Amino acid sequence: MNRVLLDEGVPRALAKALSSSLVPVEPFPNKWKGFTNGRLLAAATNAGYGILLTTDKNLFHQQNWNLNTLAVVILPNNRLASLLRRVPDIVDTIGLVTAGDIIEIKGNGDRMYLSRPSGIAGEVILPAVDPFDP
């Protein structure tokens, strides 16, 4: 299974909750604080991470994803209580991504591919999950 990294804006306590669901997740390394998105993606890939969990909805629009092998899951918010209630749905979404995929989970529970190496981004809407708390 791919190593999963929490982005800087994702609560560190989520790593423990996700790891207890058999998904190996690591909190954001302090030495990477302040990295630009491009530098972060390169550092995560070079460190052997396969998946980034983030709340940065602009990340997709700010990067060239054509050559990226890191998969990204965009969470709907950074509120720990909300995320903890949806751990099974986050784990399920992590299980769906492959190298280069970007999946966004919206607050209403909709999930959609924003980018796929196969080029079908936006054409595939995944089964929705329960809504996240506002």
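The values are calculated or read from the model by the stated rules, or taken from the named source; none is laboratory data. On a predicted model such as this, the values are computed, not experimentally measured, just so you know. Reconstructed Cβ throughout: ideal geometry from the backbone, glycine too, with neighbour counts over all protein chains shown.
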Among residues of the range 22-59 being part of a loop (DSSP other than H, G, I, E, B) and polar (S, T, N, Q), the residue farthest from Val97 (Cα to Cα) is Thr36
Of the residues in the range 2-21, those that are without any contact (Cβ under 8 Å) to a residue 40 or more places away in the chain and either part of a loop (DSSP other than H, G, I, E, B) or among the aromatic types (Phe, Trp, Tyr) (or both) come to Glu8, Arg12, Ser20
Filtering the range 78-115 down to residues that are within 19 Å of Val23 (Cβ to Cβ), touching a residue at least 40 places away in the same chain (Cβ under 8 Å) and assigned to a strand (DSSP E or B) yields Ile102, Glu104
Q: Report yes if Val23 is modelled with pLDDT of 85 or more and buried (at least 16 other Cβ atoms within 10 Å of the Cβ), otherwise no.
A: no
